[in-house]
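A.B. asks: Have a look at the structure that comes next, please.
The values are calculated or read from the model by the stated rules, or taken from the named source; none is laboratory data. Just so we're clear, the structure is a prediction, and the values are computed from it rather than from any experiment. Backbone-built Cβ (ideal geometry, glycine too); neighbour counts: all protein chains shown.
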Amino acid sequence: MSSQAGETTKPAEKGKAHSANIDRSKLAKLLAEEDALFEQTHKRSRQLFERAKKSLHGGVPMNWMIKWASPYPVFVKEGSGAHFTCVDGHKYLDLCLGDTGAMTGHAPPAAVEAIVDRVRRGTTFMLPSEDSIVVAEELSKRFGLPYWQTALTATDANRFAIRLCRQITGRQYVLVHNWCYHGSVDESFATLLDNGEVGPRRGNIGPPVNPRETTRVVEFNDIAALERALADGQVACVLIEPVMTNIGIIHPDPGYHKAVRELSEKYGTLLIIDETHTICTGPGGYTKAHGLTPDLLTIGKPIASGLPASAYGFTEKVADLIAKNTRVSDCDTGGIGGTLAGNALAMAAMRATLQSVLTQEAYDKTIPLTTKFCQGVQEIIDQYKLPWIIKQLGCRAEYWFRPEAPRNGSEAAAVEDHELDRYMHLYALNRGILMTPFHNMALISPATTEADIDLHTQLFREAVEKLL
Ligand SMILES: Cc1ncc(COP(=O)(O)O)c(C=O)c1O
């Protein structure tokens, strides 16, 4: 998830979307029709929402669950594979997949079996289980890092990795990319202000300190700025996604990762790669696929088939430094914790997911399907000469209302079209497809079929044709 409810964290008013050929009054009329259709066909969800508002703040159990294209959220009943049903009895093709948490498809049988088995035998003990060793061995094989620890969320994995980097380097700052997202990590909610300084990003709720005290920010793909930010030797770690995914898919320029690695090495800064979303690239994420060599790596979301679990790994050198800087007697008070972290249930789910669900065979299926998804959208863009693009990263795809790919977060954030976004999402939702909220992202699961992709292409075409 990349933003908080009720407020976009993107600078919506900054730029103009490349949708000048779209008649805005027609768009408003279409949106009103879609809102009415949604209301008509989601009466049970409406009832539940009204009831929920009396006990759940905002009517939802988590604040961002309100931020969908529909006038109120669809209340879910159950899901299996690439589909789920709602309380009104409609079946949806899920291209959101819990914003990557369910990239495995819902309830994948191998994981369900392991989870049910573990639930029957006890879930949390404060003791290690053998599954945790298998998980670490499997993660080592995939990402090339020898030592692993676990947490419950990718947010926590990032927070813990940052703390360790600060401790072992004795340095104060974390460096992130402008418009990045790494979870609810205080240091990462920083942005470059118009005057070029670092400040709190819009939507940053109650930051403990102004993030300029903790964070340096550079644009993705800006090697010179990166060197300037690292040069005084005060940056403990660079925390990056290897491809930006939370402000649309932004690929690195050729040579960017080589420069990031060399510069962090040169200035004694540790490199953390966050693979939470880029695990869509393949079984070893973008890191394995492109031979990257981070000092630490974090991952969460899909690695336990939808159960809360995450992991962070590090090199031998980092492991030694951690050992030198940590006393066992302090390990229960050190800011790296979570009573339920490393629990036996999460370990069983991770083991099954890594061994039997997020396999090479799964990617061999999902990546070509994603290419088909992109081709379908591209044909329509070409046919109607729309100034839009579509980008792919493994089994993740995203279309944008702009004619060329942005190179960094600011360029991406400067152009957004909230109304058009909402129309495309709601048109699809009313006809049985859930896209990822906040942007036009689709994820393909191992259970998604060619027919599912064809349905998306058909609905995308219809939505565009109605608009023009
Ligand atoms: C790249 C990345 N890292 C970390 C996170 C945090 O994940 P979680 O919210 O599960 O802690 C996210 C969430 O969207 C993410 O996109």
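A.B. asks: I'd like to check which helices (runs of 4 or more DSSP H) are fully inside the stretch 256-360 and have at least 2 residues that are assigned by TED's automatic domain parsing to the domain that holds SER188 and within 13 Å of the ligand (Cβ to nearest atom).
C.D. replies: Values: elements: 256-266, 285-289, 316-325, 344-352.
The helices (runs of 4 or more DSSP H) meeting that bar are 285-289.
A.B. asks: Among the residues of the stretch 136-180, write down those that are under 27 Å from ARG216 (Cβ atoms), hydroxyl-bearing (Ser, Thr, Tyr) and within 16 Å of the ligand (Cβ to nearest atom).
C.D. replies: Listed by number, the residues that qualify are THR153, THR155.
A.B. asks: Out of SER45, SER70, report the one residue that is outside any helix (DSSP H, G or I) and either more than 27 Å from CYS280 (Cβ to Cβ) or away from the ligand (no atom under 16 Å from the Cβ) (or both). Give the steps one after another, and end with the answer.
C.D. replies: Numbers: SER45 fails: outside any helix (DSSP H, G or I).
Within the list SER45, SER70, the selection yields SER70.
A.B. asks: OK, next. Criterion first (over 23 Å from PRO71 (Cα atoms), among the acidic types (Asp, Glu) and in a loop (DSSP other than H, G, I, E, B)) does GLU411 satisfy it? First the steps, then the outcome.
C.D. replies: On the way: over 23 Å from PRO71 (Cα atoms): yes; among the acidic types (Asp, Glu): yes; in a loop (DSSP other than H, G, I, E, B): no.
So GLU411 fails the test.
A.B. asks: Let me ask you something else. Test of understanding: among GLU113, GLU78, which residue is part of a strand (DSSP E or B) and farther than 23 Å from LYS53 by Cβ?
C.D. replies: Details: GLU113 fails: part of a strand (DSSP E or B).
It is GLU78.
A.B. asks: Something else now. Of everything in the stretch 38-68, what is at pLDDT 95 or above, among the hydrophobic types (A, V, I, L, M, F, W, C) and crowded, with 16+ Cβ neighbours inside 10 Å? Give them in sequence order.
C.D. replies: PHE38, LEU48, PHE49, ALA52, VAL60, listed by residue number.
A.B. asks: Aromatic (Phe, Trp, Tyr), closer than 26 Å to CYS395 by Cβ and buried (at least 20 other Cβ atoms within 10 Å of the Cβ) - does that describe any residue in the stretch 243-263?
C.D. replies: Step one: of the stretch 243-263, the residues aromatic (Phe, Trp, Tyr) are 256.
Add one more test, that the residue is closer than 26 Å to CYS395 by Cβ, and what stays is 256.
From what's left, buried (at least 20 other Cβ atoms within 10 Å of the Cβ): none.
So far as the stretch 243-263 goes, no, none of its residues is aromatic (Phe, Trp, Tyr), closer than 26 Å to CYS395 by Cβ and buried (at least 20 other Cβ atoms within 10 Å of the Cβ).
A.B. asks: Next up: Scanning the stretch 414-440 for residues that are within 23 Å of GLU241 (Cβ to Cβ) and not in a loop (DSSP other than H, G, I, E, B), which turns out nearest to the chain's Cα centre (by Cα)? Outline the logic, then answer.
C.D. replies: Restricting attention to the stretch 414-440, the residues satisfying the condition of being within 23 Å of GLU241 (Cβ to Cβ) are 414-416, 421, 435-440.
When the remaining residues are screened for being not in a loop (DSSP other than H, G, I, E, B), the result is 421, 436.
On the way: ASP421: 18, THR436: 10 Å.
Taking the candidates together, the pick is THR436.
A.B. asks: Go through (1) closer than 22 Å to THR276 by Cα; (2) out of contact with any Lys or Arg (no Cβ under 8 Å at 6 or more places or on another chain); (3) at pLDDT 95 or above and name the single condition HIS251 misses.
C.D. replies: (2)
A.B. asks: Among the residues of the stretch 184-208, which ones are free of Cβ contacts under 8 Å to residues at least 60 places away in the same chain and touching an Asp or Glu at 6+ places or on another chain (Cβ under 8 Å)?
C.D. replies: Those that are free of Cβ contacts under 8 Å to residues at least 60 places away in the same chain and touching an Asp or Glu at 6+ places or on another chain (Cβ under 8 Å): PRO207, PRO208.
A.B. asks: Starting from residues that are of a type in the set (A, V, I, L, M, F, W, C) and either in a loop (DSSP other than H, G, I, E, B) or assigned by TED's automatic domain parsing to the domain that holds THR436 (or both), keep the ones in the stretch 209-255 and report whichever is farthest from ASN408 (Cα to Cα).
C.D. replies: Of the stretch 209-255, the ones of a type in the set (A, V, I, L, M, F, W, C) are 209, 217-218, 220, 223-226, 229-231, 235-240, 243-244, 247, 249-250.
Now narrow it down to the ones that are either in a loop (DSSP other than H, G, I, E, B) or assigned by TED's automatic domain parsing to the domain that holds THR436 (or both): 209, 220, 231, 243, 247, 249.
Details: VAL209: 26, PHE220: 5, ALA231: 22, VAL243: 10, ILE247: 9, ILE249: 10 Å.
Once the filter is applied, the top-ranked residue is VAL209.
A.B. asks: Scan (1) acidic (Asp, Glu); (2) closer than 30 Å to TYR312 by Cβ; (3) touching a strand residue (DSSP E or B) at 6+ places or on another chain (Cβ under 9 Å) for the single condition GLU113 breaks and write down its number.
C.D. replies: (3)
A.B. asks: Among the residues in the stretch 192-199, are any within 16 Å of the ligand (Cβ to nearest atom) and either under 17 Å from ILE322 (Cβ atoms) or in the same structural domain as PRO283 (by TED's automatic domain parsing) (or both)?
C.D. replies: At the first step, the residues of the stretch 192-199 found to be within 16 Å of the ligand (Cβ to nearest atom) are none.
No: zero hits.
A.B. asks: Here's another thing I want to ask about it. Just to be sure I understand the filter: pairs with C-beta atoms under 7 Å, separated by 6 or more residues or on different chains, first member in the stretch 288-301 and closer than 15 Å to GLU262 by Cα and among the hydrophobic types (A, V, I, L, M, F, W, C), second member within 15 Å of the ligand (Cβ to nearest atom) and assigned to a loop (DSSP other than H, G, I, E, B). Which pairs pass?
C.D. replies: LEU292/PRO242
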